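For reference, the structure discussed in these notes is given below.
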Amino acid sequence: MPVAPRQVLALFVCAAVLWAIVNQLNHYASPWALTVSVAGLFVTLPALRLPLRTGLACVLLTGLWLDAASPLPFGRHALLLGLAFCFVHRIRDRLPRTETIVAVVVALFVNLALFVVLAFLDLGSLPDPAAGGLRLLADLLLTQLLTVLVGPWFLALQTASLRLVGAPPAQIVSRYA
Amino acid sequence: MRRFDQARPFLTLGLVLLAWLLVPTVVKRFARLSFYEFQAPLDVAASYGRDLQDFWAVRTRSNAELVAAARDLQRLNASYELRLQDDARLRAEITRLEGLLRLPSYPEFRPEPARVVRRDFTVWWQRLVVRKGNNHNIRVGSPVIYVGGLVGRVSEVHATTAVIELISSPGVRLAAAFEGDDRPVSFQGGINPPMRPAEAVIEFVPLDVFATPAAPRRLVTSGIGGVYPPGLHVGEVYQLEPSTDGLFKSGRARLDPRLGRITEVTILVPLDPAFFVPSATP
């Protein structure tokens, strides 16, 4: 199999694993009316390390996977993650993108952007937007905390998976070295 | 050239989006269902894992504790037996009165207990995935209840799982009534603040109805619309204020906190095929 599909499949499986873990976490957090979402982590490594087409395919596939389990129109997560991917991919040459901490910070910004976009699009449709905003803020704080905690592990898992399938990301000559 | 390079990711995404818009709906629907059916075993396996965990947790209890629990269950079963006999007598009485007064009969349901596989309570939607689906003849639109009253209705049915939309979901509206009062009021879920039980908005309440945090009023299903059977507990109204038009009151209802910890539900599958709602799976 060529390198690109192997990279897509490896990262997709990693995303599915994290998605399943986060679902279980949300299941247990439901009595406290709190939810976490780590969508930023699904975008980070494909956008920072992979070529455009491979990374975009991986992110879109992950987005569709998230869409299948949600009541949203099929393709909405895929579009939002795709847009986030494009923004990160565009600026990636200006970042020391092989550094784990940079990837985690990028994931934090992507999470924040997704929350803001969703709030902008849908908050008005809730019966009490103030309570909805408070809930979103609590969810965002918890999401960012979880991203900081599991981000390094997840990025290491993705890198190890790519090595395992014999398709590690291309080496980059860093100007920050 | 450099500007084109910078715009290349967005152009590629635009092309993908264009191609996506041209894909026929049936293909998208098939893709969604396929993805869902691939995911379902993950959730179901986790649910069986939790059951196994509970089983081993119970195995650590002493025999004395288990004997005491069995004795309590025996007492409970005896009281349920009495209730069942009473229930049969009341059903016979209802049937006799319906025949005598030529009243339309209430819809009949088949109760189908189901374990909760996953609770998905975001600010945008509140859903449960349960471990029964097409394999148990569950139908879209069936009302769902639990020990605390009404849970919601079945919104999607898959091969071995079904998705239930809770009454705390922002998209759910139903006709409710205050206990002991048959005038219908509008109920809409969707207020889900963090660390607090879900709440709902109540509208079109008659002006002579009062509720305060000290004296809340019980809200039950009205039976109007034919989806939910009448008399199911929905929540407690703790606040009512005159609405802006002055014709009605509007307020807030507090939902049962057990809704957030729900582990088992009963799906009421209508026996009459006329009650079945066409599949709402997008």
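The values are calculated or read from the model by the stated rules, or taken from the named source; none is laboratory data. Quantities reported herein were computed from a predicted structural model and do not represent experimental measurements. Note: ideal-geometry Cβ built from the backbone for every residue, glycine included; neighbour counts use all protein chains shown.
Miscellaneous remarks
- Among (1) surrounded by fewer than 17 Cβ atoms within 10 Å (Cβ to Cβ); (2) more than 10 Å from chain B (Cβ to nearest Cβ); (3) farther than 21 Å from A:Val106 by Cα, the one test that A:Arg6 misses: (1)
- Hey, B:Ala45 under 30 Å from A:Tyr28 (Cβ atoms), part of a helix (DSSP H, G or I) and at the interface with chain A (Cβ under 10 Å from one of its Cβ atoms) or not: yes
- Verdict on B:Ser186 being of a type in the set (Ser, Thr, Tyr), free of Cβ contacts under 8 Å to residues at least 40 places away in the same chain, in contact with a strand residue (DSSP E or B) (Cβ under 6 Å, 6 or more places away or on another chain) and not assigned by TED's automatic domain parsing to the domain that holds B:Pro41: yes
- When A:Leu41, A:Leu61, A:Leu56, A:Leu45 are checked against the criterion of being surrounded by 22 or more Cβ atoms within 10 Å (Cβ to Cβ), touching a residue at least 24 places away in the same chain (Cβ under 8 Å), within 11 Å of another protein chain (Cβ to nearest Cβ) and under 14 Å from the mean Cα position of the chain (by Cα), A:Leu56 stands alone in meeting it.
- Selection count where residues are aliphatic (A, V, I, L, M) and either surrounded by 12 or more Cβ atoms within 10 Å (Cβ to Cβ) or touching a residue at least 12 places away in the same chain (Cβ under 8 Å) (or both), scope the stretch B:96-126: 4
- Among the residues of the stretch B:175-204, those that are farther than 22 Å from A:Pro129 by Cβ and touching a Phe, Trp or Tyr at 6+ places or on another chain (Cβ under 7 Å) comprise B:Ala176, B:Val185.
Yes or no, residue by residue, for (1) without any contact (Cβ under 8 Å) to a residue 24 or more places away in the chain; (2) away from every other protein chain (no Cβ under 14 Å); (3) of a type in the set (Lys, Arg); (4) farther than 29 Å from A:Gly124 by Cα:
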| site | (1), (2), (3), (4) |
| --- | --- |
| B:Arg153 | no, no, yes, no |
| B:Glu156 | no, no, no, no |
| B:Thr160 | no, yes, no, yes |
| B:Ile164 | no, no, no, no |
| B:Arg196 | yes, no, yes, no |
| B:Glu203 | no, no, no, no |
| B:Pro216 | no, yes, no, no |
| B:Val227 | no, yes, no, no |
| B:Leu240 | no, yes, no, no |
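- Boolean, B:Thr221 is among the β-branched types (Val, Ile, Thr) and free of Cβ contacts under 8 Å to residues at least 40 places away in the same chain: no
Every residue, every condition in (1) under 21 Å from B:Val147 (Cβ atoms); (2) of a type in the set (A, V, I, L, M), yes or no:
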site	(1), (2)
B:Ile224	no, yes
B:Val227	yes, yes
B:Pro230	yes, no
B:Ser250	no, no
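- Just one residue in the set B:Val144, B:Val172 is within 13 Å of chain A (Cβ to nearest Cβ), under 17 Å from B:Ser222 (Cα atoms) and of a type outside the set (Lys, Arg); that residue is B:Val172.
- Every listed requirement among (1) touching a residue at least 40 places away in the same chain (Cβ under 8 Å); (2) buried (at least 23 other Cβ atoms within 10 Å of the Cβ); (3) under 16 Å from B:Asp120 (Cα atoms) is met by A:Trp19 save one, (2).
- Matching entry among B:Glu112, B:Glu108, B:Glu179 (being of a type in the set (Asp, Glu) and touching a helix residue (DSSP H, G or I) at 6+ places or on another chain (Cβ under 8 Å)): B:Glu112
- Residue within the stretch A:115-123 that is within 22 Å of B:Asp120 (Cβ to Cβ), in contact with a helix residue (DSSP H, G or I) (Cβ under 6 Å, 6 or more places away or on another chain), within 10 Å of another protein chain (Cβ to nearest Cβ) and touching a residue at least 40 places away in the same chain (Cβ under 8 Å) present: no
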